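Chemist: First, the structure itself, so that you have it in front of you.
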Amino acid sequence: MDEVSTPSEALIAYCSPGISNSTRARGAELAYRRSTRYRWQQDPREQAVEPYEHLTATIRAPLLLRPRTKVLIGLRHSRERYSLSSVSPRDDKADYINFRYLKKSSLRLIAIHSLSEKNYAGIMLQTSYHGDYSGLLSLDAEYVIYRMAALYGWKWSEDSEMGIGVYVNNSFRGSAVLPFVLLNYNFSSRWGFESVLPAQLGVRYNDSPRSIFYAGAEFQSSSFYVARDTESLMDDFYVNDSHIVFKALWERQLAGWLWTELEIGYRMSRMARLEDPGPRPRTGSDYNQTNSAYIRVGIFLSPPDDMAR
């Protein structure tokens with residue numbers, strides 16, 4: 001809890017979101033992920049996806065830090081690449097994205113305000129651009145995705161909190177509104193549970209203040225707008241895929257703010273879809289993806305707990 005020193009609120013200890021011993025908050029991060037070979041299958045087509053690569057750079061910094069109110073800004077850029085075997089019969093969409101970088105660049109604003117000793121509220125606003133554009137960023141409207149999340153939370157102690165919220169997504173594929181529940185709980189000084197249901201849940205083990213283990217599952221999905229070099233927008237298409245990921249990771253403090261992360265996981269894949277634009281139902285190429293394993297390594301800066309929270 002943060003003690004408030006203003007005279008009118010001197011007897012109130014306003015809550016700070018988050019529980020003790022949780023996985024680390026990240027101020028800046030550089031991470032690389034590589035998967036094992038897997039396959040896209042669509043009778044009579046089948047092709048191998050060679051080791052799949054994903055590189056991410058993130059920076060997050062405070063705009064406002066006060067006892068009751070915190071405002072953070074975040075910048076993120078990632079790129080991934082499919083290395084596909086030849087397709088027979090040919091699929092011109094798959095051919096087009098072969099060895100081509102698909103990128104995401106985003107700007108995120110997060111604001112959290114403590115309402116009382118046990119309640120807080122937060123909001124996240126994000127604008128991102130997903131596609132095959134050149135350079136680090138393209139502001140072309142066809143690539144843009146808008147996201148918003150709002151949360152109302154209850155913090156009963158330093159070891160337990162719960163929140164309910166709503167997530168809104170508006171992209172080139174359409175709009176979606178989804179409810180979610182935040183639930184974090186420490187069973188002891190070493191064991192804890194962290195979740196954002198229904199998308200993510202896991203168990204944490206604190207081996208020491210400098211070493212944290214985590215194992216869990218989460219739903220992941222991606223969408224990209226691919227603008228082919230033609231005069232017709234109907235030649236453009238979307239690349240969409242989704243997975244349920246089971247993972248285990250280790251966070252280890254190297255020195256001061258400097259931490260490293262090692263993650264291994266297994267992706268249970270759902271559909272990969274190369275989708276034509278236009279109103280639903282959309283046409284395109286649907287591929288069943290086989291499952292794959294991956295490894296992810298990263299290095300990041302994490303502020304001390306009293307600053308992060």
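Residues are listed down the side, and each one gets a yes or a no for (1) touching a Lys or Arg at 6+ places or on another chain (Cβ under 9 Å); (2) surrounded by fewer than 14 Cβ atoms within 10 Å (Cβ to Cβ); (3) modelled with pLDDT of 90 or more:
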position	(1), (2), (3)
Ile12	no, no, no
Ala25	yes, no, no
Ala31	yes, no, yes
Glu46	yes, no, no
Val49	yes, no, no
Tyr52	yes, no, no
Thr58	yes, no, yes
Leu72	yes, no, yes
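Chemist: Specify the residue that is farthest from Leu102 (Cα to Cα); the eligible residues are those in the stretch 219-270 that are basic (Lys, Arg) and part of a strand (DSSP E or B).
Modeler: So, considering only residues that are basic (Lys, Arg) and part of a strand (DSSP E or B), the one farthest from Leu102 (Cα to Cα) is Arg252.
Chemist: A follow-up question, please. The conditions are (1) exposed (fewer than 13 other Cβ atoms within 10 Å of the Cβ); (2) at pLDDT below 95; (3) of a type in the set (A, V, I, L, M, F, W, C), and Ala199 fails exactly one of them. Which is it?
Modeler: In the conditions (1) exposed (fewer than 13 other Cβ atoms within 10 Å of the Cβ); (2) at pLDDT below 95; (3) of a type in the set (A, V, I, L, M, F, W, C), Ala199 misses (1) alone.
Chemist: I'd like to check something: does the stretch 154-162 contain any residue that is touching a strand residue (DSSP E or B) at 6+ places or on another chain (Cβ under 9 Å) and within 30 Å of Arg273 (Cβ to Cβ)?
Modeler: No, the conditions are met nowhere in the stretch 154-162.
Chemist: From the list Tyr167, Tyr225, Tyr238, exactly one residue is at pLDDT 95 or above and among the hydroxyl-bearing types (Ser, Thr, Tyr). Which is it?
Modeler: Step by step, each of Tyr167, Tyr225, Tyr238 is checked, and only Tyr167 is at pLDDT 95 or above and among the hydroxyl-bearing types (Ser, Thr, Tyr).
Chemist: Considering the stretch 200-226 alone, what residues qualify as being closer than 15 Å to Asn21 by Cβ, of a type in the set (Phe, Trp, Tyr) and touching a residue at least 60 places away in the same chain (Cβ under 8 Å)?
Modeler: Tyr214
Chemist: Considering only the stretch 181-199, state which residues are without any contact (Cβ under 8 Å) to a residue 24 or more places away in the chain and within 16 Å of the chain's Cα centre (by Cα).
Modeler: Listed by number, the residues that qualify are Ser195, Val196, Leu197, Pro198, Ala199.
Chemist: Within the stretch 161-177, take every residue that is polar (S, T, N, Q) and out of contact with any Leu (no Cβ under 9 Å at 6 or more places or on another chain) and give me the one that is surrounded by the fewest Cβ atoms within 10 Å (Cβ to Cβ).
Modeler: Of everything passing the filter in the stretch 161-177, Ser175 is surrounded by the fewest Cβ atoms within 10 Å (Cβ to Cβ).
Chemist: Same structure, new question: Going through the stretch 118-153 one residue at a time, which ones are touching a residue at least 24 places away in the same chain (Cβ under 8 Å), in contact with a strand residue (DSSP E or B) (Cβ under 6 Å, 6 or more places away or on another chain) and among the charged types (D, E, K, R)?
Modeler: Lys118, Asp132, Glu142
Chemist: Let me ask another. Which condition does Tyr146 not pass, out of (1) farther than 22 Å from Ser22 by Cβ; (2) part of a loop (DSSP other than H, G, I, E, B); (3) among the hydroxyl-bearing types (Ser, Thr, Tyr), if it passes all the others?
Modeler: Only one criterion in (1) farther than 22 Å from Ser22 by Cβ; (2) part of a loop (DSSP other than H, G, I, E, B); (3) among the hydroxyl-bearing types (Ser, Thr, Tyr) is unmet by Tyr146, namely (2).
Chemist: Here's a follow-up. Tyr82 passes all but one of (1) within 19 Å of the chain's Cα centre (by Cα); (2) over 30 Å from Phe187 (Cβ atoms); (3) surrounded by 15 or more Cβ atoms within 10 Å (Cβ to Cβ); which number fails?
Modeler: Unmet condition: (1).
Chemist: Would you call Val166 in a strand (DSSP E or B) and in contact with a Pro (Cβ under 6 Å, 6 or more places away or on another chain)?
Modeler: Criteria met by Val166.
Chemist: Then there's this: Can you find a residue in the stretch 136-149 that is among the small types (Gly, Ala, Ser), within 23 Å of Arg60 (Cβ to Cβ) and surrounded by fewer than 17 Cβ atoms within 10 Å (Cβ to Cβ)?
Modeler: For the stretch 136-149, residues among the small types (Gly, Ala, Ser), within 23 Å of Arg60 (Cβ to Cβ) and surrounded by fewer than 17 Cβ atoms within 10 Å (Cβ to Cβ): absent.
The values are calculated or read from the model by the stated rules, or taken from the named source; none is laboratory data. On a predicted model such as this, the values are computed, not experimentally measured, just so you know. Positions of Cβ are generated from backbone atoms using ideal geometry, with glycine treated the same way; all protein chains shown enter the neighbour counts.
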